[in-house]
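Asker: Have a look at this one.
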Amino acid sequence: MNGKAPGPVPPREPDGAVVRPTPPKTLNELDELRNQAHTGPQVDPELAAAVGFTHFDVTSSQDNLITVLLTREDLHLLASQTLVRVRSREDNRAYLGVVVRGPFAEPNAVPANSTMAIGVVTHGKKLAYTFDYHGRAEIEIVGEEVEGTLKPPRFRPRPQSPVYLLDEAESARVLGVGGDMCLGLVVGYEKMEARLNPRDKSILPRHTGIIGTTGGGKSTTVATLIHRAQADGIATIVFDVEGEYTHVDQPTDHAAMLEALKRRGQRPQGVKDLHIHHLTGRDSLNPRHRNKHAFSLKFSSLSPYALAEILDMSDAQQERFLKAYDVTKLLLEDFNIYPQTEEERRQVLDVDELSTGFPHMTIDHVLDVVSAYIYSLSDEGKSETRGKSRATPRKQASLLEENDEAEADPDVTAKAPSRGLMLRTEFRSNFGRVMARVMAQSSRHEISWKALASKLHRLRRLGIFDVGNEQGVAYESMLTPGRVSVIDLSDTDSPQLNNLVIADILRGLQEAQERRYERANAKDQSVTPVLIIIEEAHEFLSANRIAQMPVLFEQVAKIAKRGRKRWMGLVFVTQLPQHLPNEVLGLINNFVIHKIADSSVISRMQKTAGSIDESLWNRVSRLAPGQALVSFSNFTRPLMVAVDPAPVKRLLVE
């Protein structure tokens with residue numbers, strides 16, 4: 001007890017706690033915090049729309065790649081392949097970029113591979129606690145924006161630069177995906193479509209490769225392209241080796257395709273004005289089609305050099321074939337078959353035998369000359385030559401008329417004894433004149449002549465050249481605007497025969513388009529664009545045979561180069577791009593690449609299509625059916641595209 005009167009006792013709460021009045025200073029601070037909570041932090045209006053900010057560079061940073069960090073709430077805004085704008089406020093520069101990796105989710109507190117982070121995730125059923133996280137994405141700088149144009153970047157955006165998402169309209173403009181012809185939806189966007197302008201000479205006439213393994217969606221892409229091209233008034237020609245596209249005038253009835261069309265808001269629909277062409281004596285997979293045309297080839301339209309390559313003649317056989325070809329030309333004039341007039345004689349001077357054959361020449365004419373050569377080398381022929389007889393009776397049996405055994409085994413012909421000579425053509429009216437021409441350009445090696453005759457006889461027995469009154473290919477008809485012409489080769493069972501047909505029709509189409517182009521220019525009009533689709537292109541121009549087929553390749557290269565100016569585009573379709581030679585791949589400017597599982601093939605394609613970045617190539621082996629890596633000359637950069645389902649009927653062949 002200290003003698004002082006006790007002070008007032010503070011009131012106590014029921015739990016025994018002492019209550020003291022809050023100091024005025026503390027009350028003021030609480031009021032300030034309460035006001036801040038209501039008003040929220042003051043955010044720079046320019047940064048409010050940012051989806052993320054550029055990160056600091058590290059030792060592993062790469063040129064043209066920038067790391068962007070974003071909040072958990074904004075993670076869903078930055079999808080793969082979307083376009084962004086980076087405003088480097090520190091140096092007042094603006095860049096456009098594209099998301100090439102991510103977005104990825106990373107924990108805020110610890111590294112993602114730490115023991116604690118792994119433990120929290122793996123014990124998710126037992127723990128209520130988890131780390132908050134943020135997003136990380138890699139963007140590739142497309143270019144720097146300078147006065148409304150996009151230029152190669154000289155610098156990198158500074159750290160903490162805000163990143164903004166471009167809306168779909170601006171993204172479409174930047175990517176250059178506008179046009180009337182739709183290929184499908186651009187991956188990474190809800191509604192953006194990958195479109196082309198079919199009337200832009202820098203696009204389709206610059207030639208396209210549609211590539212991918214079986215089951216990747218390659219044939220669906222071709223069918224969709226046929227439908228879109230026809231709708232845009234393009235004359236479309238398809239070399240169809242399997243008969244898949246012989247029913248494209250009918251709407252699809254495939255259940256999965258119908259469902260996919262429904263999701264895209266599209267409907268099944270066949271193309272209009274389909275015409276099917278097939279070789280005479282061969283069937284079509286659409287035999288009752290109302291616009292079905294049988295055709296034969298003209299031997300005189302085939303380059304002798306290309307023919308020798310396609311028939312895989314040895315050097316000796318080719319030498320004798322060209323000798324017989326030259327003698328046949330002389331005999332055509334001797335017999336007043338061609339040329340007959342001065343005008344035709346002038347035309348002969350312009351014949352380019354690397355591109356076409358000699359007018360009015362038939363395979364029977366050449367076979368007559370080859371027969372005469374073989375006869376001249378036989379004992380009977382040598383005896384006649386020594387006796388200088390000009391009146392040797394012609395026997396009824398042909399020297400080269402092969403029996404059943406010869407057809408089964410071509411070598412039998414080479415060993416068969418000479419049995420006389422019978423000519424098939426007008427040349428039989430003056431046997432002496434034929435032999436005189438043959439002896440003037442004499443030759444030896446009877447066996448190689450007979451081997452050549454065997455190949456020519458097999459070719460003749462195909463029954464595809466100059467068949468009676470059978471019409472040839474109606475090139476002008478094929479070039480009708482909006483017409484789809486399917487060359488049905490499903491019943492040939494011979495890559496060599498297919499190659500003969502493709503080579504001949506390509507040349508004929510080029511000449512017809514040349515004439516149409518000149519007529520249109522004379523009238524100051526536009527010419528109808530032409531799209532030529534070559535299925536199984538690796539069989540037409542094989543990498544392992546390109547060295548032996550220089551003439552055929554030069555024909556295709558000529559068509560490709562001249563076609564660019566004359567609105568004629570080629571589309572090479574293959575599931576074996578490794579079998580296409582570099583010379584052919586070098587003609588291609590546009591690519592639609594479906595799934596390719598072989599890493600060595602991807603590596604080779606990477607070197608060919610150098611404009612496609614590494615991040616996109618890394619996806620090629622994992623593409624789902626219908627997805628494709630698309631690179632067209634009008635696109636600012638290659639894109640991942642979900643190709644539209646085909647509204648037309650496509651036959652599923654074995």
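Asker: Could you tell me whether any residue of segment 589-601 is among the charged types (D, E, K, R), open to solvent by 10 Å² or more (accessible area, probe 1.4 Å) and under 20 Å from Gly217 (Cα atoms)?
Answerer: Let us first name the residues in segment 589-601 that are among the charged types (D, E, K, R), namely 595, 598.
If we keep only those that are open to solvent by 10 Å² or more (accessible area, probe 1.4 Å) too, we end up with 595, 598.
Of the ones still in play, those that are also under 20 Å from Gly217 (Cα atoms) are 595, 598.
Among the residues of segment 589-601, at least one is among the charged types (D, E, K, R), open to solvent by 10 Å² or more (accessible area, probe 1.4 Å) and under 20 Å from Gly217 (Cα atoms), which makes the answer yes.
Asker: Against the conditions (1) closer than 27 Å to Trp567 by Cα; (2) in contact (Cβ under 8 Å) with a residue 40 or more places away in the chain; (3) more than 23 Å from the chain's Cα centre (by Cα); (4) open to solvent by 20 Å² or more (accessible area, probe 1.4 Å), where does Pro251 fall short? Just the number, please.
Answerer: Single failed check for Pro251: (1).
Asker: Return the residues of segment 141-157 that are surrounded by fewer than 17 Cβ atoms within 10 Å (Cβ to Cβ) and assigned to a loop (DSSP other than H, G, I, E, B); say none if nothing qualifies.
Answerer: Glu147, Gly148, Pro152, Arg154, Phe155
Asker: Is it true that Ser398 is more than 45 Å from the chain's Cα centre (by Cα), modelled with pLDDT under 90, under 25 Å from Ile464 (Cα atoms) and open to solvent by less than 30 Å² (accessible area, probe 1.4 Å)?
Answerer: On the way: more than 45 Å from the chain's Cα centre (by Cα): yes; modelled with pLDDT under 90: yes; under 25 Å from Ile464 (Cα atoms): yes; open to solvent by less than 30 Å² (accessible area, probe 1.4 Å): yes.
For Ser398, the condition - more than 45 Å from the chain's Cα centre (by Cα), modelled with pLDDT under 90, under 25 Å from Ile464 (Cα atoms) and open to solvent by less than 30 Å² (accessible area, probe 1.4 Å) - is met.
Asker: Pick from Arg263, Arg290, Arg282: which is touching a Ser or Thr at 6+ places or on another chain (Cβ under 9 Å) and of a type in the set (Lys, Arg)? It would help to see each step written out before you state the result.
Answerer: Values: Arg263 fails: touching a Ser or Thr at 6+ places or on another chain (Cβ under 9 Å); Arg290 fails: touching a Ser or Thr at 6+ places or on another chain (Cβ under 9 Å).
Answer to the check: Arg282.
Asker: Go through (1) over 22 Å from Ala172 (Cα atoms); (2) of a type in the set (A, V, I, L, M); (3) touching a residue at least 60 places away in the same chain (Cβ under 8 Å) and name the single condition Val98 misses.
Answerer: Of the numbered conditions (1) over 22 Å from Ala172 (Cα atoms); (2) of a type in the set (A, V, I, L, M); (3) touching a residue at least 60 places away in the same chain (Cβ under 8 Å), the odd one out for Val98 is (1).
Asker: Taking segment 362-380 as the region of interest, how many residues are in a loop (DSSP other than H, G, I, E, B) and over 26 Å from Ile464 (Cβ atoms)?
Answerer: Of all residues in segment 362-380, those in a loop (DSSP other than H, G, I, E, B) come to 362, 378.
Still in the running and over 26 Å from Ile464 (Cβ atoms): 378.
The qualifying residues number 1.
Asker: For segment 490-508, check the following and say yes or no: at least one residue is touching a residue at least 24 places away in the same chain (Cβ under 8 Å), in contact with a Gly (Cβ under 7 Å, 6 or more places away or on another chain) and either closer than 25 Å to His360 by Cβ or not basic (Lys, Arg) (or both).
Answerer: Yes.
Asker: Can you tell which of Asn113, Asn108, Asn92 is open to solvent by 80 Å² or more (accessible area, probe 1.4 Å), over 25 Å from Val187 (Cα atoms) and in contact with a Phe, Trp or Tyr (Cβ under 7 Å, 6 or more places away or on another chain)? Break it down into steps so the answer makes sense when it comes.
Answerer: Working: Asn113 fails: in contact with a Phe, Trp or Tyr (Cβ under 7 Å, 6 or more places away or on another chain); Asn92 fails: in contact with a Phe, Trp or Tyr (Cβ under 7 Å, 6 or more places away or on another chain).
Only one candidate passes the filter, namely Asn108.
Matching residues to (1) open to solvent by less than 10 Å² (accessible area, probe 1.4 Å); (2) of a type in the set (Gly, Ala, Ser); (3) not in a helix (DSSP H, G or I):
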| position | (1), (2), (3) |
| --- | --- |
| Met422 | no, no, yes |
| Phe431 | no, no, no |
| Leu452 | yes, no, no |
| Leu456 | yes, no, no |
| Gly468 | no, yes, yes |
| Gly472 | no, yes, yes |
| Ser477 | no, yes, no |
| Ser485 | yes, yes, yes |
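Asker: Quick check on segment 333-361: of everything there that is in a loop (DSSP other than H, G, I, E, B) and either in contact with a strand residue (DSSP E or B) (Cβ under 7 Å, 6 or more places away or on another chain) or of a type in the set (D, E, K, R) (or both), which residue is least open to solvent (accessible area, probe 1.4 Å)?
Answerer: The first filter runs over segment 333-361 and keeps only residues in a loop (DSSP other than H, G, I, E, B), leaving 335-341, 350-361.
Of the ones still in play, those that are also either in contact with a strand residue (DSSP E or B) (Cβ under 7 Å, 6 or more places away or on another chain) or of a type in the set (D, E, K, R) (or both) are 350, 352-353.
Details: Asp350: 127, Asp352: 68, Glu353: 33 Å².
Here the answer is Glu353.
Asker: Then there is this: Can you tell me which residues in segment 274-284 are modelled with pLDDT of 95 or more and surrounded by fewer than 22 Cβ atoms within 10 Å (Cβ to Cβ)?
Answerer: The one that is modelled with pLDDT of 95 or more and surrounded by fewer than 22 Cβ atoms within 10 Å (Cβ to Cβ): His275.
The values are calculated or read from the model by the stated rules, or taken from the named source; none is laboratory data. Predicted model only: the values in this text are computed from it and were never measured. Neighbour counts run over all protein chains shown; Cβ positions are idealised from the backbone, glycine included. For accessibility, only protein heavy atoms count, side chains too; no ligands or nucleic acids. Shrake-Rupley method; radii C 1.70, N 1.55, O 1.52, S 1.80 Å.
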